[in-house]
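Chemist: What follows is a single structure, and I will ask about it in a moment.
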Amino acid sequence: MIPVRIHDEAEGSRDRFGRPLHDLRISVTDRCNFRCTYCMPKELFGASYRFMPRSELLSFEEITRLASIFAGHGVRKIRLTGGEPLLRQGLDDLVRMLSAVPGIEDLTLTTNGSLLTRRHARSLRAAGLRRLTVSLDAVDDAVFSSMNDVGFPVEPVLEAIENAGGEGLSPVKINMVVKRGVNEHDVVPMAERFRGTAHIVRFIEYMDVGNTNGWRLDDVVPAREIVETIGRAHPLRPVEPEYPGEVARRWRYADGAGEIGVISSVTAPFCGACTRARLSAEGRLYTCLFASEGFDLRRLVRSGASDESLSAAIGSVWGRRDDRYSELRTSNTPSEPPTSERRIEMSYIGG
Ligand code: SAM
Ligand code: SF4
Ligand code: SF4
């Protein structure tokens, strides 16, 4: 049996497989102004969909308190996400509060870029945001607007990327989810659009998160194929990971025109190095993107629990963690994800 290791002051908490707790993704809202077909399909996230009322969302004070307790367990990196995080009012204040939490070395945000004006990029930077990831699935307007399914054009997102870079949130990472037959032809144009800039495009295999996107293995374009396709147009050389467990595999253009990354969550999963916890907007703690159950931290917080008991709860959830969904999925190689279990949605937990 694998020994269970729990909180150790010197090195932070470890799960059942010895994985430390290093990253925390915090979802600040479950709402979004896009309806990306692979994430919030319109048919299910329509006018009658019930989003969380404001009273259910963790307040900024509650989030910050939890973040400092997580830092005590070894968390060094926080990523704010959603839904669309820029829809949450006053986000700059949260960034300011989190950037003052002792132990947090890296604070970043993933956004669809639709609301990121130059002014907003400046105020986020001034509040303490270090870096930013912008999602953009195509440089072709027709493809992009049909993927976000609200007819949103490419140009404002390109401007958002420039706004972020111009305000020092650099290098900007650009996430492109690649779906077979939908935007695979935009892989090379996307790479070319950002070749020669400081920005880094990360091509992401389409994942079977949640139960609503109708995922099939046939829709996945393997990372290896993406690298070969780009490499035929512009030769690439592998780059050593910056740190152990880096999620994206990095490649540099042989002619020195920058780098790209690929995230092979389906074809080459990285559960062995997964050090991420996820906190939903209503304060549930999830230890895997594919979990069906989260631990209700908000209930503890709102029932007056002390920092010590919150810390003990977090340590015990992480200490029991034995998730490795993607590795198991790959070893079983199903063509469809299991349908019986109800899993959390990407828009709820934020990727
Ligand atoms: N709304 C923000 C955005 O789109 O950047 C933040 C939340 S979104 C859920 C976070 C990331 O998850 C995005 O880059 C999105 O493309 C990615 N994502 C969503 N569903 C996905 C799926 N089924 N497979 C792979 N990536 C997915
Ligand atoms: Fe919204 Fe992001 Fe999901 Fe698209 S991927 S629907 S932008 S939360
Ligand atoms: Fe981490 Fe779960 Fe993804 Fe594996 S499947 S990498 S454990 S989030």
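Chemist: Would you be able to say whether some residue in segment 333-343 is more than 10 Å from ligand 3 (Cβ to nearest atom), modelled with pLDDT under 95 and either under 17 Å from the mean Cα position of the chain (by Cα) or in a strand (DSSP E or B) (or both)?
Modeler: There is at least one residue in segment 333-343 that is more than 10 Å from ligand 3 (Cβ to nearest atom), modelled with pLDDT under 95 and either under 17 Å from the mean Cα position of the chain (by Cα) or in a strand (DSSP E or B) (or both).
Chemist: Any idea which of A273, A254 is more than 16 Å from ligand 1 (Cβ to nearest atom), touching a Pro at 6+ places or on another chain (Cβ under 8 Å), among the aliphatic types (A, V, I, L, M) and at pLDDT below 95?
Modeler: A273
Chemist: Out of segment 284-316, which residues are farther than 25 Å from V247 by Cα and of a type in the set (G, A, S)?
Modeler: S303, G304, A305, S306, S309, S311, A312, A313, S316
Chemist: Within segment 242-281, work out how many residues are surrounded by 16 or more Cβ atoms within 10 Å (Cβ to Cβ), more than 17 Å from the chain's Cα centre (by Cα) and assigned to a loop (DSSP other than H, G, I, E, B).
Modeler: 3
Chemist: For segment 248-266, what are the residues that are under 19 Å from M190 (Cβ atoms), touching a Ser or Thr at 6+ places or on another chain (Cβ under 8 Å) and among the aliphatic types (A, V, I, L, M)?
Modeler: none
Chemist: Of the residues that sit in segment 115-142 and are among the β-branched types (V, I, T) and more than 14 Å from F34 (Cβ to Cβ), which one is most open to solvent (accessible area, probe 1.4 Å)?
Modeler: It comes out as T117.
Chemist: Hey, among the residues in segment 296-326 that are modelled with pLDDT under 95 and not aromatic (F, W, Y), which one's surrounded by the most Cβ atoms within 10 Å (Cβ to Cβ)?
Modeler: The residue in question is S326.
Chemist: Scan segment 219-241 and give yes if some residue there is farther than 29 Å from T275 by Cα, touching a Gly at 6+ places or on another chain (Cβ under 7 Å) and of a type outside the set (S, T, Y), otherwise no.
Modeler: no
Chemist: Being surrounded by 22 or more Cβ atoms within 10 Å (Cβ to Cβ) and within 16 Å of ligand 3 (Cβ to nearest atom): is that true of T81 here?
Modeler: Taking the combined requirement at face value, the residue satisfies it.
Chemist: Take segment 248-274 and flag every residue that is of a type outside the set (A, V, I, L, M, F, W, C) and within 16 Å of ligand 2 (Cβ to nearest atom).
Modeler: Correct list: S265 only.
Chemist: What's the number of the only condition in (1) within 19 Å of the chain's Cα centre (by Cα); (2) open to solvent by 10 Å² or more (accessible area, probe 1.4 Å); (3) among the β-branched types (V, I, T) that V239 fails to meet?
Modeler: Just one mismatch for V239, condition (1).
The values are calculated or read from the model by the stated rules, or taken from the named source; none is laboratory data. Because the structure is a prediction, the values reported are computed rather than measured. Don't worry about glycine lacking a Cβ; one is built from the backbone with ideal geometry, like all the others, and counts go over all protein chains shown. Accessible surface is based on the protein model in full, side chains and every heavy atom, while ligands, DNA and RNA are left aside. Shrake-Rupley method; radii C 1.70, N 1.55, O 1.52, S 1.80 Å.
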